[in-house]
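A short write-up of the structure that comes next.
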Amino acid sequence: QFDAVDTQVLGMSIDSKFCHKGWAEGFGGIHFPLLADFHPKGEVAKAYGLWLDEPGIADRATVLISKDGTVLWSESVGPGGARQPMELLEKTKSLV
């Protein structure tokens, strides 16, 4: 459904590509690329203001970025928070 609105979904975490592989396999596979913000750890998270110094982890967030690199919308749900894919799809449709 995201493809239908010309949207590329990517996942990113500060874990290694080896952790990503195990995580994806635990879901029976996933249909989008996973990026590792592993070394230097959290540099992308820091660039987006999502690094949490005290626990040394990245906040869980969604960032919608246009093809020209402009951040259109972002939302942080906290380290244990969940996202709602259908709500994100509707938000995406409203911005593209």
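The values are calculated or read from the model by the stated rules, or taken from the named source; none is laboratory data. Nothing here was measured: the structure is a model prediction, and the numbers come from that model. All Cβ positions, glycine included, derive from the backbone under ideal geometry; neighbour counts span all protein chains shown. Accessible surface areas use protein heavy atoms only, side chains included; no ligands, DNA or RNA. Shrake-Rupley method; radii C 1.70, N 1.55, O 1.52, S 1.80 Å.
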Practice problem: As a check on your grasp of the helix formula, calculate [θ] at 222 nm for the chain: sum -39500 (n - 2.57) over DSSP H runs of n ≥ 4, divide by the residue count, round to the nearest 500. | Solution: -7500 deg cm²/dmol
Quiz prompt | Area accessible to solvent at SER16, 1.4 Å probe radius, in Å² | solution = 20
Practice problem: Can you send over the solvent-accessible area of MET86, 1.4 Å probe, protein chains only, in Å² to the nearest 10? | Solution: 110
Quiz item: Which chymotrypsin sites (Phe, Trp or Tyr not before Pro) does segment 22-63 hold that lie in a coil by DSSP with at most 14 other beta carbons within 10 Å?
Solution: PHE27
Self-check item: Among THR92, VAL5, LEU64 the positive-end extreme of the charge dipole of the chain (Cβ point charges)
Solution: VAL5
